[in-house]
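Below: one structure, written as structure tokens.
The values are calculated or read from the model by the stated rules, or taken from the named source; none is laboratory data. Note that the coordinates shown come from a computational prediction; the quantities given were computed from them, not determined experimentally. All Cβ positions, glycine included, derive from the backbone under ideal geometry; neighbour counts span all protein chains shown.
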Protein chains: 2
Amino acid sequence: MAKPKIRLLLVDDHLVVRIGLRSLLEMQPDLTVVAEAASGAAALKEFERHQPDLTLMDLRMPEMDGAATTAAIRAKSPDARVLVLTTFDTDEDIFRALQAGACGYLLKNTDSEPLLKTIRAVHAGTYRLPAEVAARLAQRQAAPELSPREREVLELIVKGRSNKEIGSALGVAENTVKNHVKVILDKLGVQDRTQAATTAIQRGIVRL
Amino acid sequence: MAKPKIRLLLVDDHLVVRIGLRSLLEMQPDLTVVAEAASGAAALKEFERHQPDLTLMDLRMPEMDGAATTAAIRAKSPDARVLVLTTFDTDEDIFRALQAGACGYLLKNTDSEPLLKTIRAVHAGTYRLPAEVAARLAQRQAAPELSPREREVLELIVKGRSNKEIGSALGVAENTVKNHVKVILDKLGVQDRTQAATTAIQRGIVRL
DNA sequence: CGGTAAATAGCCCGATGGGGCTAACTCGGG
DNA sequence: CCCGAGTTAGCCCCATCGGGCTATTTACCG
């Protein structure tokens with residue numbers, strides 16, 4: 001055994017995905033899966049115990065999602081390498097994952113070759129984000145972020161509440177809500193609340 | 001070999017899921033995976049060739065989705081058994097799958113025991129839909145279906161178009177659109193177009 | 001300590017939306 | 001051959017929405 005294997009931690013709430021990944025990865029002579037976790041909380045424990053070289057992380061998970069888990073891991077181990085695995089990619093998810101400190105991202109429907117190639121590249125520190133993703137990230141940075149209150153209002157918009165209902169729900173005047181709505185529409189670059197709702201869902205700003 | 005094995009066809013566009021399922025299923029003495037397909041079209045070919053006892057079918061796939069593929073299979077082989085595997089369940093997807101002739105449905109994040117149990121139950125013909133799902137189906141049948149034109153209008157609502165814009169897009173008067181919208185709101189059981197948009201997305205009536 | 005952003009709230013006004021109601025025409029099934 | 005559903009279209013009316021504008025308080029950052 002000339003070179004030590006790359007030690008991997010798998011984090012995914014889907015059993016079949018964990019099994020599939022494990023089978024795929026264990027067939028490689030330079031890779032070994034040292035632990036699996038089905039939740040963010042479990043992932044933290046396993047990371048502590050095994051200190052893997054690289055963590056493969058699903059984004060959509062119940063309770064603690066992949067971005068939050070990634071942030072928690074990197075808070076304790078700033079040089080931890082995390083590669084995000086997503087099923088369908090909303091810009092917001094990827095953005096949050098990368099902001100949380102993920103080193104890269106992959107779609108789950110990629111073939112084995114690009115998957116293995118990316119794992120080795122990330123481990124070697126030579127991984128670069130695809131140009132298309134980098135472009136979307138740049139665009140996202142250009143787009144102004146919503147304030148906490150605005151996100152709150154946006155969630156209620158998505159639920160179909162009127163400005164008046166949102167006002168009483170938040171304990172503020174309807175006029176105040178209207179102001180927030182105006183800012184939200186402006187920041188999202190849309191004309192009305194329906195477009196705001198659908199783009200919020202599309203970008204993953206709010207969970208449906 | 002006293003009893004013949006249950007011969008399975010796996011249909012899923014995710015490589016890791018196919019591998020994971022195959023590993024899981026091949027460990028069972030009474031199950032064998034005779035073929036895999038990564039698309040609806042490929043699934044039809046493999047079904048023709050192998051005539052499996054049971055097909056495990058993903059719903060969300062590019063080009064031809066699971067419901068359409070299930071319908072195509074059952075059009076040729078009316079007694080084919082198809083078990084739908086979904087990641088996240090929108091009512092509409094499940095409903096369409098069952099209408100297309102699927103025998104049952106499972107979430108991908110289920111553990112192995114319920115998965116194996118369900119496979120054997122479906123093959124034995126003793127599978128019953130969970131009460132919760134049956135209730136949702138009953139509710140869906142109670143809900144009146146949208147007419148083709150109404151679905152068309154709904155799609156434009158989701159895109160954030162105004163009634164006037166929808167009218168000119170469809171070549172009809174704004175008043176006509178308003179009538180359609182009224183009916184849509186009524187059929188969906190919602191108060192305004194924003195709720196219509198979000199519930200349409202949630203139920204899977206329109207693709208985002 | 002001053003500037004900036006967020007959150008609050010008010011005003012006016014025109015555009016849009018949605019409820020209720022009537023009424024053509026068309027097409028397919030009983 | 002008529003009935004029902006779908007599609008078309010009009011009417012009135014008022015609530016809601018969204019644009020534009022100003023203003024106060026708080027809080028944080030440089």
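Figures for the structure shown
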| quantity | calculated |
| --- | --- |
| Matching residues in the range A:10-56 - criterion: being of a type outside the set (Val, Ile, Thr) and within 12 Å of A:Ile119 (Cβ to Cβ) | A:Leu10, A:Leu21, A:Leu24, A:Leu25, A:Gln28, A:Asp30, A:Leu31, A:Pro52, A:Asp53, A:Leu54, A:Leu56 |
| Subset of the range A:11-24 that is surrounded by 23 or more Cβ atoms within 10 Å (Cβ to Cβ) and at the interface with chain B (Cβ under 10 Å from one of its Cβ atoms) - its residue that is nearest to A:Ala67 (Cα to Cα) | A:Asp12 |
| Residue match in the range B:1-15 (condition: touching a residue at least 60 places away in the same chain (Cβ under 8 Å) and under 28 Å from A:Leu56 (Cβ atoms)) | yes |
| Scan of the range A:160-198 for residues that are buried (at least 16 other Cβ atoms within 10 Å of the Cβ) and of a type in the set (D, E, K, R), ordered by number | A:Arg161, A:Lys187, A:Arg193 |
| Test: residue in the range B:70-84 that is assigned to a helix (DSSP H, G or I) and either without any contact (Cβ under 8 Å) to a residue 12 or more places away in the chain or outside the structural domain of B:Leu44 (by TED's automatic domain parsing) (or both) | yes |
| When residues of the range B:25-56 are limited to those that are within 18 Å of B:Tyr105 (Cβ to Cβ) and within 14 Å of chain A (Cβ to nearest Cβ), the one surrounded by the fewest Cβ atoms within 10 Å (Cβ to Cβ) | B:Leu25 |
| Failed item in (1) near DNA strand C (Cβ under 9 Å from one of its atoms); (2) more than 15 Å from A:Glu92 (Cα to Cα), with A:Ala131 passing the rest | (1) |
| Residue list for the range B:185-201, filter: within 10 Å of DNA strand D (Cβ to nearest atom) and part of a helix (DSSP H, G or I) | B:Lys187, B:Arg193, B:Thr194 |
| Qualifying residues in the range A:119-178 (those that are assigned to a loop (DSSP other than H, G, I, E, B) and within 14 Å of another protein chain (Cβ to nearest Cβ)) - the one nearest to DNA strand D (Cβ to nearest atom) | A:Ser162 |
| Qualifying residue in the range B:107-116 (condition: at pLDDT 90 or above, more than 13 Å from DNA strand D (Cβ to nearest atom), aliphatic (A, V, I, L, M) and closer than 28 Å to B:Leu31 by Cα) | yes |
